[in-house]
Amino acid sequence: MYYETRSYRIGEIITRMFNNRLQQKREKNKLEKGTKLMMNSSYGKLIQRQVITKTVIVDDFYDTNSNETTESGLAFMKKHHMNIHDEIKLFGKKAVIKLIQDTSSDYNFAQCGTLVLSASKHLMNRVMCLAKEHALKIYY
């Protein structure tokens, strides 16, 4: 969905979490580790690529006597021939088929991930600049 204006709400949330974590650290509250983990993982989960394969188990894929592909197995292959990535024979008539998923209609939250990254970089730059102004050695 396209928006005419840019929303900075996610940046405000990350800033609030950052400030809450600073308060938790001052109070030696162990919850600060969880807050740090939530801030760090929010970027990664929002910008994460989709899983491009789907695994299905086909029950009647092989003939148990001849180990040949059954009619229903052939029908499955015909229907999905453009998307089959891998085929693994299980026991009996079963097979595990890995299908490549269509990504043309996929949506993710990469734009939110870039806002989280931007907000976290802004916060880190504030810390770095403050340390430089006061001639403090910091390690990142």
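List of remarks:
- Qualifying helices (runs of 4 or more DSSP H) (wholly inside the stretch 30-140; at least 2 residues being more than 31 Å from the chain's Cα centre (by Cα)): 71-80, 110-133
- Count - residues of the stretch 1-29 that are part of a loop (DSSP other than H, G, I, E, B) and at pLDDT 75 or above: 3
- Members of the stretch 13-33 found to be over 22 Å from Gly113 (Cα atoms) and either crowded, with 17+ Cβ neighbours inside 10 Å or touching a Gly at 6+ places or on another chain (Cβ under 6 Å) (or both), listed by number: Gln24
The values are calculated or read from the model by the stated rules, or taken from the named source; none is laboratory data. The structure displayed is predicted, hence computed values, not measured ones. Positions of Cβ are generated from backbone atoms using ideal geometry, with glycine treated the same way; all protein chains shown enter the neighbour counts.
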